[in-house]
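Each remark here refers to the structure printed beneath this line.
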Amino acid sequence: MIPKSIFERIIGVDVYIHIKDLSEKFSGKLLEITDDDLISLEDKYNNITYISRKDICVITERR
């Protein structure tokens with residue numbers, strides 16, 4: 001599992017997130033980390049996706 005401190009440093013940054021056992025990546029701006037360890041991600045259409053922190057295997061910054 002990726003440490004919570006890494007996610008706290010990149011709040012407000014555009015990222016790509018890869019999920020375990022899925023061949024799909026999610027992209028958007030990292031909005032917040034909830035108390036339940038859910039990552040909220042806002043895409044370019046202002047849709048918000050919640051992803052469990054323990055399911056994330058790779059996170060990269062978009063450029």
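The values are calculated or read from the model by the stated rules, or taken from the named source; none is laboratory data. Just so it is clear, the structure is predicted and the values come from calculations on it, not from any experiment. Please note: Cβ atoms are built from the backbone with ideal geometry, for glycine as well, and neighbour counts cover all protein chains shown. Accessible surface areas use protein heavy atoms only, side chains included; no ligands, DNA or RNA. Shrake-Rupley method; radii C 1.70, N 1.55, O 1.52, S 1.80 Å.
Each row is one residue, and each column tells you yes or no for (1) of a type in the set (S, T, N, Q); (2) at positive phi; (3) in contact (Cβ under 8 Å) with a residue 40 or more places away in the chain.
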| position | (1), (2), (3) |
| --- | --- |
| Pro3 | no, no, no |
| Glu8 | no, no, no |
| Val15 | no, no, yes |
| Asp21 | no, yes, no |
| Ser27 | yes, no, no |
| Glu32 | no, no, no |
| Asp36 | no, no, no |
| Asn46 | yes, yes, no |
| Glu61 | no, no, yes |
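Suppose we filter region 12-29 for residues that are assigned to a loop (DSSP other than H, G, I, E, B) and either closer than 11 Å to Arg62 by Cβ or modelled with pLDDT under 95 (or both); how many remain? Selection size over region 12-29: 6.
On the given criteria, is Glu32 part of a helix (DSSP H, G or I) and of a type in the set (Asp, Glu)?
It is false that Glu32 is part of a helix (DSSP H, G or I) and of a type in the set (Asp, Glu).
When the residues of region 30-58 are narrowed to those that are open to solvent by 80 Å² or more (accessible area, probe 1.4 Å) and within 17 Å of Ser5 (Cα to Cα), which ends up nearest to the chain's Cα centre (by Cα)? That would be Glu32.
For region 48-56, indicate whether the set of residues that are without any contact (Cβ under 8 Å) to a residue 60 or more places away in the chain and in a loop (DSSP other than H, G, I, E, B) is non-empty. The answer is no; no qualifying residue exists.
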